[in-house]
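A.B. asks: I have a structure I would like to understand better, so I am pasting it below and will then ask my questions one at a time.
The values are calculated or read from the model by the stated rules, or taken from the named source; none is laboratory data. Model, not experiment: these values are computed from the prediction. Note that we place each Cβ from the backbone using ideal geometry, even for glycine, and neighbour counts take in every protein chain shown.
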């Protein structure tokens with residue numbers, strides 16, 4: 001598979017490389033990343049031809065965006081595509097910070113506190129703050145982040161946040177809009193109630209988790225909406241040694257998940273294919289998918305992701321995974 005192949009986002013004309021760079025790790029997901037290592041990782045991705053980078057204010061409470069912005073200094077703006085997210089506004093901490101799950105997943109957080117805000121004012125402020133951290137005049141793709149954490153405010157999200165982004169798109173201030181989701185089924189009401197170009201779905205269409213295959217991916221394909229696959233390693237387990245403590249959906253992987261991953265790896269080993277190669281290439285075979293965006297903390301990890309997408313995989317490997325009922329028979333696989 002060619003990592004620098006480009007695919008279109010929805011019907012927009014905007015194209016991204018099928019291999020992108022996810023920015024959560026750069027914000028200190030599970031382990032702190034020094035500024036230089038983060039910047040070097042972004043620069044190495046660009047040197048290798050990766051032209052799509054995703055980030056968000058939530059990733060390290062602004063650190064990911066700041067590190068990416070520093071790395072992009074002096075880079076020709078039209079040579080890359082960047083997506084960021086709205087729905088949270090970062091505010092300086094005054095007094096004691098209220099703990100959120102980010103305190104357990106991101107390390108060395110700066111003194112900011114996120115506040116959900118899906119109003120027009122909040123969306124515009126979130127985007128403006130992101131652009132300042134990124135040192136850019138525009139973002140190409142803007143996503144509503146984690147709406148599942150505030151379903152009780154769905155009417156505001158679809159009635160205020162979405163129209164604000166749609167207006168920015170109509171004014172050509174952004175090229176594509178969508179949602180960043182941790183559950184595949186969360187896309188369905190947005191598909192019904194809005195005109196979105198893409199959905200970034202994290203960890204729900206991988207070698208281990210296939211929930212997006214049955215409803216959301218076919219629906220997106222029918223509607224001409226692109227899917228971007230976040231977390232193709234399922235929070236790290238598919239890039240690990242599969243020992244106890246490996247992460248799955250941001251938590252320690254339960255025994256049955258590790259057992260299934262070990263069965264998949266055993267098949268990969270028989271064909272001398274790295275588990276990571278199968279993990280990255282599996283999702284890209286679906287026609288609704290535009291890109292996969294594994295994270296990386298170092299230039300070496302960026303290089304490894306490129307190698308994994310390029311690694312040859314025999315068709316018999318996919319056939320055996322289906323025969324062993326490890327991936328669905330209906331799942332498209334690389335040719």
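A.B. asks: Hey, which of the helices (runs of 4 or more DSSP H) in the stretch 259-335, taking only ones fully inside, have at least 1 residues that are under 23 Å from residue 55 (Cα atoms) and in contact with a helix residue (DSSP H, G or I) (Cβ under 6 Å, 6 or more places away or on another chain)? So that I can check it myself, show each step before the final result.
C.D. replies: Details: elements: 275-284, 299-310, 315-323.
Where helices (runs of 4 or more DSSP H) fall fully within the stretch 259-335 and carry at least 1 residues being under 23 Å from residue 55 (Cα atoms) and in contact with a helix residue (DSSP H, G or I) (Cβ under 6 Å, 6 or more places away or on another chain), they are 275-284, 299-310.
A.B. asks: From the residues in the stretch 217-241 that are part of a helix (DSSP H, G or I) and touching a strand residue (DSSP E or B) at 6+ places or on another chain (Cβ under 7 Å), which one is nearest to residue 264 (Cα to Cα)? Steps first, please.
C.D. replies: Step one: list which residues in the stretch 217-241 are part of a helix (DSSP H, G or I), which gives 217-223, 234-239.
Among the residues that remain, those that are also touching a strand residue (DSSP E or B) at 6+ places or on another chain (Cβ under 7 Å) are: 217, 220, 234-237.
Working: 217: 23, 220: 28, 234: 14, 235: 17, 236: 15, 237: 12 Å.
By that ranking, first place goes to 237.
A.B. asks: Can you pull out every residue in the stretch 242-257 that is outside any loop (DSSP other than H, G, I, E, B) and under 19 Å from residue 202 (Cα atoms)?
C.D. replies: Listed by number, the residues that qualify are 247, 248, 251, 252, 257.
A.B. asks: Being touching a residue at least 60 places away in the same chain (Cβ under 8 Å) and within 26 Å of residue 221 (Cα to Cα) is true for just one of 278, 319. Which residue is that?
C.D. replies: Details: 319 fails: touching a residue at least 60 places away in the same chain (Cβ under 8 Å).
Only one candidate qualifies: 278.
A.B. asks: Scan (1) buried (at least 16 other Cβ atoms within 10 Å of the Cβ); (2) closer than 19 Å to residue 328 by Cβ; (3) over 20 Å from the mean Cα position of the chain (by Cα) for the single condition residue 259 breaks and write down its number.
C.D. replies: (1)
A.B. asks: Also, I was wondering about something else. Going through the stretch 157-185 one residue at a time, which ones are within 24 Å of residue 102 (Cα to Cα) and assigned to a helix (DSSP H, G or I)?
C.D. replies: 157, 161, 184, 185
A.B. asks: Let me ask you something else. Spot the failing condition for residue 122; the list is (1) assigned to a loop (DSSP other than H, G, I, E, B); (2) surrounded by 15 or more Cβ atoms within 10 Å (Cβ to Cβ), and only one is missed.
C.D. replies: With (1) assigned to a loop (DSSP other than H, G, I, E, B); (2) surrounded by 15 or more Cβ atoms within 10 Å (Cβ to Cβ) applied to residue 122, the lone miss is (1).
A.B. asks: Further, regarding this structure: Here is a check on your reading of the model: is residue 152 in contact (Cβ under 8 Å) with a residue 60 or more places away in the chain and surrounded by fewer than 20 Cβ atoms within 10 Å (Cβ to Cβ)?
C.D. replies: Values: in contact (Cβ under 8 Å) with a residue 60 or more places away in the chain: no; surrounded by fewer than 20 Cβ atoms within 10 Å (Cβ to Cβ): yes.
Here the answer is no, as residue 152 does not meet what is asked.
A.B. asks: Output the number of the condition that residue 200 fails; it satisfies all remaining conditions of (1) part of a strand (DSSP E or B); (2) over 21 Å from residue 55 (Cβ atoms).
C.D. replies: Among (1) part of a strand (DSSP E or B); (2) over 21 Å from residue 55 (Cβ atoms), the lone unmet condition for residue 200 is (2).
A.B. asks: Here are 20, 28: which of them is crowded, with 24+ Cβ neighbours inside 10 Å and closer than 21 Å to residue 217 by Cα? It would help to see each step written out before you state the result.
C.D. replies: Details: 28 fails: closer than 21 Å to residue 217 by Cα.
The match here is 20.
A.B. asks: Would you be able to say whether some residue in the stretch 202-216 is touching a helix residue (DSSP H, G or I) at 6+ places or on another chain (Cβ under 6 Å), surrounded by fewer than 19 Cβ atoms within 10 Å (Cβ to Cβ) and under 30 Å from residue 159 (Cβ atoms)?
C.D. replies: Let us first name the residues in the stretch 202-216 that are touching a helix residue (DSSP H, G or I) at 6+ places or on another chain (Cβ under 6 Å), namely 203-208, 211-212, 216.
Of the ones still in play, those that are also surrounded by fewer than 19 Cβ atoms within 10 Å (Cβ to Cβ) are 211.
If we keep only those that are under 30 Å from residue 159 (Cβ atoms) too, we end up with 211.
Yes, the conditions are met somewhere in the stretch 202-216.
A.B. asks: What are the pairs, 6+ residues apart or on separate chains, where a residue within the stretch 80-103 that is on the phi > 0 side of the Ramachandran plot and touching a residue at least 60 places away in the same chain (Cβ under 8 Å) has its Cβ under 7 Å from a residue that is part of a strand (DSSP E or B) and buried (at least 22 other Cβ atoms within 10 Å of the Cβ)?
C.D. replies: 87/144; 87/145
A.B. asks: Of the numbered conditions (1) surrounded by 16 or more Cβ atoms within 10 Å (Cβ to Cβ); (2) under 21 Å from the mean Cα position of the chain (by Cα); (3) at pLDDT 95 or above; (4) within 18 Å of residue 211 (Cα to Cα), residue 249 satisfies every one except a single condition; which is it?
C.D. replies: It is condition (3) that residue 249 fails.
A.B. asks: Taking residue 81 as the residue in question, decide whether it is modelled with pLDDT of 95 or more and farther than 28 Å from residue 15 by Cα. Steps first, answer last, please.
C.D. replies: Numbers: modelled with pLDDT of 95 or more: yes; farther than 28 Å from residue 15 by Cα: no.
Against the criterion (modelled with pLDDT of 95 or more and farther than 28 Å from residue 15 by Cα), residue 81 does not qualify.
A.B. asks: Another question, then. So for the stretch 237-244 (the condition being at pLDDT 95 or above and under 30 Å from residue 77 (Cα atoms)), does at least one residue qualify?
C.D. replies: Scanning the stretch 237-244, I find no residue that is at pLDDT 95 or above and under 30 Å from residue 77 (Cα atoms), so the answer is no.
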